[in-house]
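Below is one structure, written out as structure tokens; the observations come after it.
Read-outs: derived from the displayed coordinates by stated rules, not from any lab. These figures come from a predicted structure and were not determined experimentally. Positions of Cβ are generated from backbone atoms using ideal geometry, with glycine treated the same way; all protein chains shown enter the neighbour counts.
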Amino acid sequence: MSGSFLSDVEGFYDLAVKDLSLPVGVGEKIKVANATYTTRFGVRLRNRMFTFTGWRSAHSSHQSPSKGGIRYAPNCTIEEVEALAALMTYKCALVGVPYGGSKGALCIDPREWTEVELEKITRRFAQEMIRHRFLDSANNVPAPDVGTTERTMMWIADEYKRLRPEDINALGCVTGKPQGGGGIEGRVEATGRGVQYAIHAFFDTPTLIDPIFGDARLTDKSVAIQGFGNVGAHAALFLSEEDGCKITSIIERDVVVKNPNGINIRDLISHRDATGSIANFSGATCTDTPPNALTVDCDILIPAAVEGVINAGIARRLTARLIVEAANGPCTFDAAEILQERNIQVIPDLYANAGGVIVSYFEWVKNLGHMPFGLLERRYHEKGHRVLTSTIERTVGASLQWDEDASYLSGPTELDMVRSGLEEIMRRTLGRIVAEQSARGGDLRKAAYRLAINQVAEAYRAIGL
């Protein structure tokens, strides 16, 4: 099987649904998008009228609101949007956040427009989505994606508040906002942090890790990352600085940065921010990107950019022993079959990159609750910790030296709670995937799809469908 991104997602779905005993028609209902809205709107810029095409697809509303990012890219298609919306449905169902799946896109290259122009275009796009009920905190909640940022989300939220001033939950109409605009700590890093937690959980599962590496040590594992945007850069930073991995290759569309001893990721981020590119980085060898860049020697390969980068040809030549899908749909359907035949383990996208939507859920709950996380309990826990340390001192009969800034003496901050909740969901979800795989076979992707599909089916059963 080969074809579009949407056909790949539907292929994975079809393989998994065969193992489930769903009522007649339910499987087909879950598979297709509920509604996809196409808008073509005009904006007067540069002394002329420009027409832009955008989409918002609500794949499922078995839970409300539907949730998913908005991307700005010049090559977007309606099929891509529907494929991403379907993945969001399965992703949310798999990790247990109460959302349906949605996705949006605008056919635009943001590099071709000034910030003032992008704001005007974004506000017009927001108006179209609001008018057709594809944007509000109760029905459909976007987030950043490729080509969009927290500033984009803030423009959308501000436009929504302007048009719906009576909505007390207006800030919850989007997530991924800056902290000053109702965002939450840890959202920018969330997908990259979730990738790290997924790898931790994988390495802590002997039945998964032993056949690949024979040990559970993440330290000194060589890692190649394709894509150095928000997700790839954060994953690289956490794995190198906190886990001792050697990031030996960073692969971008036009340049590959290599250092067999490990790239200093913090220096590379500084270089990228200063120059706008990772090219000409002095701490590594920089070359043009060859067609077979992803076949580089490494223990772990993390595709963290766009869909379809690992096709059948690449899959046959991969040397990595573990692939972590930090992007949506990086492996085509054909490639996934080849990787399974070659016994190359894949941590699938609907699990590995779920960190973004999980922390978006936390932000949405914070917006609807109108209260920061940790406000009520932080000082309570801090007092309890200090009572405990005093009890220990009395018991041992000596005054001990406590670090006044240590985390064990203070209560949890919002960031502490976000990271704790994210890690709990990532670890719990992998445990469920492994149990499903053990019960019914297949690879991790197939097991994850089965869990997700069944979760959506259960929601339909609950309301009598």
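Quick notes
- FRET efficiency, Glu117 to Val387 (Cβ-Cβ, R0 51 Å, nearest 0.05): 0.30
- For Leu45, the residues whose amide H sits under 5 Å from its own are Phe50, ignoring neighbours fewer than 5 places away on the same chain, with H placed 1.01 Å from N.
- Amide N of region 57-75 lying under 12 Å from the label point, which is placed 7 angstrom from the Cα of Ala138 along Cα→Cβ: 65
- Relative contact order of region 185-327, pairs being alpha-carbon contacts under 8 Å that are 6 or more residues apart, as %: 24
- Between Thr275 and Lys29, the simple label model (points 7 Å from Cα in the Cβ direction) yields a spacing of 5.6 nm.
- Dipole magnitude (debye, nearest 20) for the chain, charges at Cβ of Lys, Arg, Asp, Glu: 1120
- Share of pairwise Cα separations in region 36-182, more than 28 Å, in percent: 13
- Between Arg461 and Asn169, the modelled labels are 2.8 nm apart [label points 7 Å from Cα along Cα→Cβ].
- Relative contact order for region 36-182, counting Cα pairs under 8 Å that sit 6 or more residues apart, in percent: 24
- Efficiency of FRET from Cβ geometry, Thr395 and Thr53, R₀ 51 Å, rounded to 0.05: 0.15
- Percentage of interatomic Cα-Cα distances in region 327-459 larger than 20 Å: 64
- Local electrostatic count at Glu150 - Lys and Arg +1, Asp and Glu -1, tallied over other residues with Cβ under 14 Å: -4
- The chain, helix-only ellipticity at 222 nm - DSSP H runs n ≥ 4, -39,500 (n - 2.57), divided by all residues, nearest 500: -14500 deg cm²/dmol
- Taking label points 7 Å from Cα along the Cα-to-Cβ direction, Thr205 and Thr287 give a separation of 3.5 nm.
- For the chain: relative contact order, % (alpha-carbon pairs under 8 angstrom, 6 or more apart): 16
- Cut-off 12 Å between beta-carbons: net charge of the residues surrounding Ser360, Lys and Arg +1, Asp and Glu -1: +2
- A cut-off under 13 angstrom between Cβ atoms defines the neighbours of Ala58, and their net charge, with Lys, Arg +1 and Asp, Glu -1, is +2.
- Charge dipole of the chain about the Cα centre (unit charges at C-beta), most positive-ward option of Gly180, Gly374, Ala216: Gly180
- Listed pairs Lys221/Lys246; Lys91/Lys366; Lys67/Lys120; Lys67/Lys366; Lys120/Lys366; Lys18/Lys446 exceeding 18 Å between Cα atoms: Lys91/Lys366; Lys67/Lys120; Lys120/Lys366
- Pair-distance profile P(r), taking every C-alpha pair of the chain, with 10 angstrom steps and integer %: 4, 19, 29, 27, 15, 5, 1, 0, 0
- Global form of region 344-391, assessed from the alpha-carbon gyration tensor, a/c cut-off 1.5: oblate
- Centre separation in Å (Cα based) which lies between region 333-401 and region 247-325: 29
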